[in-house]
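One structure, as C-alpha coordinates, below. Some questions next.
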Amino acid sequence: MLYSDKVLEHFANPHNVGEIENADGVGEVGNAKCGDIMKMYLKIQDGVIMDAKFKTFGCGAAIATSSMATDMIKGASIEDALKISNKAVVEALDGLPASKIHCSVLAEQAVKSALADYYRKNGVDPTPIVGEIGECDACHVH
(Lines give C-alpha, C1' and ligand atoms only; values in the text may rest on other atoms or scores of the structure.)
Protein backbone atom coordinates (compact mmCIF):
# COMPACT_ATOMS: atom_id res chain seq x y z
CA MET A 1 0.00 0.00 0.00
CA LEU A 2 1.57 3.24 -1.15
CA TYR A 3 0.85 6.56 0.44
CA SER A 4 1.54 9.93 -1.17
CA ASP A 5 4.18 12.22 0.33
CA LYS A 6 1.37 14.49 1.57
CA VAL A 7 -0.31 11.63 3.45
CA LEU A 8 3.00 10.64 5.02
CA GLU A 9 3.71 14.28 5.95
CA HIS A 10 0.29 14.78 7.59
CA PHE A 11 0.67 11.47 9.43
CA ALA A 12 4.19 12.21 10.68
CA ASN A 13 3.46 15.86 11.52
CA PRO A 14 -0.31 16.25 11.83
CA HIS A 15 -1.67 19.79 11.98
CA ASN A 16 -4.28 21.01 14.47
CA VAL A 17 -4.04 18.13 16.95
CA GLY A 18 -5.72 18.66 20.30
CA GLU A 19 -8.89 19.98 21.83
CA ILE A 20 -10.51 23.40 21.94
CA GLU A 21 -11.84 24.32 25.36
CA ASN A 22 -15.41 25.57 25.22
CA ALA A 23 -15.60 24.63 21.54
CA ASP A 24 -18.62 25.94 19.63
CA GLY A 25 -19.06 22.57 17.98
CA VAL A 26 -17.75 19.10 18.79
CA GLY A 27 -18.32 16.06 16.62
CA GLU A 28 -17.30 12.45 17.05
CA VAL A 29 -17.61 9.82 14.33
CA GLY A 30 -16.42 6.29 13.75
CA ASN A 31 -16.42 3.45 16.20
CA ALA A 32 -14.15 0.93 17.80
CA LYS A 33 -15.38 -1.79 15.42
CA CYS A 34 -13.72 -0.22 12.40
CA GLY A 35 -10.85 1.00 14.55
CA ASP A 36 -11.01 4.66 13.55
CA ILE A 37 -12.56 7.28 15.81
CA MET A 38 -12.33 10.99 15.03
CA LYS A 39 -13.29 13.80 17.34
CA MET A 40 -13.32 17.31 15.91
CA TYR A 41 -13.54 20.63 17.75
CA LEU A 42 -14.54 23.92 16.13
CA LYS A 43 -14.33 27.55 17.23
CA ILE A 44 -16.80 29.58 15.18
CA GLN A 45 -17.19 33.35 15.08
CA ASP A 46 -19.60 35.25 12.81
CA GLY A 47 -20.17 32.17 10.67
CA VAL A 48 -16.47 31.55 10.10
CA ILE A 49 -14.45 28.63 11.47
CA MET A 50 -11.68 30.42 13.35
CA ASP A 51 -10.04 27.26 14.65
CA ALA A 52 -10.36 23.52 14.19
CA LYS A 53 -8.62 20.78 16.14
CA PHE A 54 -8.97 17.03 16.19
CA LYS A 55 -8.16 13.91 18.13
CA THR A 56 -8.11 10.74 16.08
CA PHE A 57 -7.68 7.19 17.22
CA GLY A 58 -6.86 5.21 14.13
CA CYS A 59 -4.48 4.42 11.32
CA GLY A 60 -2.10 6.78 9.57
CA ALA A 61 -4.64 7.59 6.86
CA ALA A 62 -7.25 8.51 9.48
CA ILE A 63 -4.80 10.90 11.13
CA ALA A 64 -3.73 12.37 7.76
CA THR A 65 -7.33 12.94 6.61
CA SER A 66 -8.24 14.57 9.95
CA SER A 67 -5.21 16.85 9.68
CA MET A 68 -6.00 17.83 6.08
CA ALA A 69 -9.72 18.34 6.77
CA THR A 70 -8.99 20.73 9.66
CA ASP A 71 -6.50 22.63 7.45
CA MET A 72 -9.16 22.94 4.75
CA ILE A 73 -11.90 24.32 7.02
CA LYS A 74 -9.87 26.75 9.13
CA GLY A 75 -10.81 30.25 8.02
CA ALA A 76 -13.69 28.94 5.90
CA SER A 77 -17.32 29.94 6.26
CA ILE A 78 -19.65 27.30 7.66
CA GLU A 79 -21.27 27.05 4.19
CA ASP A 80 -17.91 26.34 2.51
CA ALA A 81 -16.89 23.86 5.21
CA LEU A 82 -20.12 21.93 4.64
CA LYS A 83 -19.22 21.61 0.95
CA ILE A 84 -15.91 19.89 1.66
CA SER A 85 -16.33 16.31 0.52
CA ASN A 86 -14.28 13.24 1.24
CA LYS A 87 -13.15 13.40 -2.41
CA ALA A 88 -11.77 16.90 -1.85
CA VAL A 89 -9.82 15.63 1.18
CA VAL A 90 -8.44 12.72 -0.87
CA GLU A 91 -7.43 15.07 -3.70
CA ALA A 92 -5.75 17.47 -1.27
CA LEU A 93 -3.69 14.54 0.01
CA ASP A 94 -2.78 13.49 -3.57
CA GLY A 95 -4.83 10.32 -3.24
CA LEU A 96 -5.39 7.46 -0.83
CA PRO A 97 -5.33 3.69 -1.35
CA ALA A 98 -8.84 2.34 -2.04
CA SER A 99 -8.86 0.48 1.27
CA LYS A 100 -8.38 3.80 3.11
CA ILE A 101 -11.02 5.92 1.36
CA HIS A 102 -13.33 5.36 4.37
CA CYS A 103 -10.91 7.49 6.42
CA SER A 104 -11.68 10.48 4.20
CA VAL A 105 -15.41 9.78 4.61
CA LEU A 106 -14.92 9.85 8.39
CA ALA A 107 -13.09 13.19 8.09
CA GLU A 108 -15.99 14.67 6.11
CA GLN A 109 -18.47 13.26 8.64
CA ALA A 110 -16.45 14.63 11.58
CA VAL A 111 -16.66 18.15 10.12
CA LYS A 112 -20.41 17.77 9.57
CA SER A 113 -20.93 16.26 13.02
CA ALA A 114 -19.13 19.17 14.71
CA LEU A 115 -21.16 21.68 12.67
CA ALA A 116 -24.37 19.83 13.56
CA ASP A 117 -23.41 20.18 17.24
CA TYR A 118 -22.80 23.91 16.69
CA TYR A 119 -26.26 24.32 15.18
CA ARG A 120 -27.91 22.32 18.00
CA LYS A 121 -26.16 24.48 20.62
CA ASN A 122 -27.62 27.53 18.85
CA GLY A 123 -31.16 26.13 18.81
CA VAL A 124 -31.17 25.21 15.12
CA ASP A 125 -32.13 21.77 13.78
CA PRO A 126 -28.97 20.77 11.89
CA THR A 127 -30.49 17.99 9.76
CA PRO A 128 -31.83 20.20 6.91
CA ILE A 129 -28.47 22.02 6.75
CA VAL A 130 -25.94 19.29 7.46
CA GLY A 131 -27.88 16.22 6.38
CA GLU A 132 -27.97 12.84 8.08
CA ILE A 133 -24.65 11.64 9.43
CA GLY A 134 -24.79 7.90 9.17
CA GLU A 135 -22.27 5.30 10.14
CA CYS A 136 -19.29 4.93 7.87
CA ASP A 137 -19.98 2.22 5.26
CA ALA A 138 -16.57 0.67 5.89
CA CYS A 139 -17.63 -0.04 9.48
CA HIS A 140 -20.16 -2.52 8.12
CA VAL A 141 -17.65 -4.32 5.88
CA HIS A 142 -15.51 -5.87 8.62
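The values are calculated or read from the model by the stated rules, or taken from the named source; none is laboratory data. All values reported here derive from a predicted model rather than from experimental measurement. FYI the Cβ positions are ideal-geometry reconstructions off the backbone, even for glycines, and counts take in every protein chain you see. Protein only, heavy atoms only, side chains kept; ligands, DNA and RNA dropped before computing areas. Shrake-Rupley method; radii C 1.70, N 1.55, O 1.52, S 1.80 Å.
Helix by helix through the chain, keep the DSSP H runs that span 30 Å or more along the axis on Cα and average at least -1.0 on Kyte-Doolittle, and give those back in order.
TM-like helix candidates: 101-121.
For volume of the Cα convex hull per residue in Å³, the choices are (i) 97; (ii) 142; (iii) 125; which was calculated from the structure?
After the calculation, the listed value that fits is (i).
Amide H neighbours of residue 36 under 5 Å, counting only residues 5+ apart in sequence or on other chains, H built in-plane at 1.01 Å?
Distant-sequence amide H within range of residue 36: 31.
Amide H to amide H under 5 Å from residue 84: which residues, 5+ apart in sequence or cross-chain, H placed 1.01 Å off N in plane?
Hits under the 5 Å cutoff: none.
Okay, next question. Heavy atoms only, probe 1.4 Å: what % of the accessible area of the chain goes to carbon and sulfur, would you let me know?
Carbon plus sulfur share of accessible area: 52 percent.
Check residue 76: other-chain or 5+ apart residues with amide H under 5 Å from its amide H, H built from backbone geometry?
Those qualifying (amide H under 5 Å, at least 5 residues apart or on another chain) are 49.
Output the pairs from 74/121; 87/121; 33/55; 53/112 with a Cα-Cα distance over 25 Å in this structure; if there are none, say none.
Violating the 25 Å limit, Cα to Cα: 87/121.
Please give the peptides 93-103, 108-118 ranked by average Cβ packing (other Cβ atoms within 10 Å per residue), highest first, as a rough proxy for protection.
With the highest mean Cβ count within 10 Å placed first, the list reads 108-118, 93-103.
Next up: Using the Karplus curve 6.51 cos²θ - 1.76 cosθ + 1.60 with θ = phi - 60°, what ³J(HN,Hα) values do you get for each residue of the stretch 15-25, in whole Hz, with x for Gly and Pro?
8, 6, 7, x, 10, 10, 5, 6, 4, 7, x
Which order, highest average first, do 12-19, 36-43, 55-62 follow once you tally other Cβ atoms within 10 Å for each residue and take the mean per peptide?
In decreasing order of mean packing, 12-19, 36-43, 55-62 become 36-43, 55-62, 12-19.
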